[in-house]
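Only the coordinates and a few stated rules stand behind these numbers; no lab work does. All values reported here derive from a predicted model rather than from experimental measurement. Backbone-built Cβ (ideal geometry, glycine too); neighbour counts: all protein chains shown.
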Amino acid sequence: MRFDKFTIKSQEAVRAAQEKAAEMGHQAIEPEHLLLALVAQQDGVVLPLLQKLGVNLDMVKQVAEAEMNRFPKVEGAGTQAYISPRMKEILEVSWKEARHLKDEYVSTEHLFIAIAEDSKGVLHQMGVKKDEILKALADIRGNHRVAGPLLRGVVPALSRGKGR
């Protein structure tokens, strides 16, 4: 996976997921960690997508946290976190979604779509569907494309000098 082809915001989300996993004592970085990282980005595209979809943000957080509380915990010095097979699939699917949308970089919306496609994931359990996300995304970003790691001015309502 080429993280240099991820926007700044998507790189930040992956790092935040890694930090969340470590904070909770999880050795594996899972899609639920990434989902919480994405919804924590106040100036990102995921919160407006959830609003447009009518998805309860607090419920997403509660369900994701409940799932994470079931993950095995490890203790001790020198424990290294790794990307779980499910998370690896999310990252691969997000790259496919970026290409499908003719974007040059993986952005947070691509990660969000990939998480929704995970049949074992929180968004899937909550009934969030890819086609609904794509419709909401079209309303939010129009026909703009992700052509670089920093997205100033790409989506006027969302960009405030930072990449998605």
Amide H neighbours of Phe6 at under 5 Å, excluding residues fewer than 5 places away on the same chain, with H built from the backbone geometry, are Val106
Overall form of segment 13-133 per C-alpha gyration tensor (a/c, 1.5; a/b vs b/c): prolate
Enumerate the residues in segment 106-129 having an amide nitrogen under 19 Å from the point lying 7 Å beyond the Cα of Glu92 toward its Cβ. 106-107, 110-121
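Strictly over 25 Å apart at the Cα level, which of Lys52/Lys120; Lys61/Lys88; Lys5/Lys52; Lys96/Lys120; Lys5/Lys130 would you flag in this model?
Details: Lys52/Lys120 23 Å; Lys61/Lys88 22 Å; Lys5/Lys52 27 Å; Lys96/Lys120 19 Å; Lys5/Lys130 22 Å.
Violating the 25 Å Cα-Cα cut-off are Lys5/Lys52.
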Sorted by chain and number, the residues with a modelled amide H under 5 Å from that of Ala28, at a separation of 5 or more or across chains, are Tyr82
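Which length gain, in nm to one decimal place, applies between Asp4 and Ala40 when the Cα-Cα distance is subtracted from 0.36 nm times their residue separation?
Working: separation 36, 0.36 × 36 = 12.96 nm, distance 2.21 nm.
In short, 10.7 nm is gained.
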What full-extension length gain, to one decimal in nm, is calculated for Gln27 and Ala66 as 0.36 nm per residue of separation minus the Cα-Cα distance? 12.3 nm
Simple label model, 7 Å out from Cα along Cβ direction - Lys52 to Asp131, nm: 1.7 nm
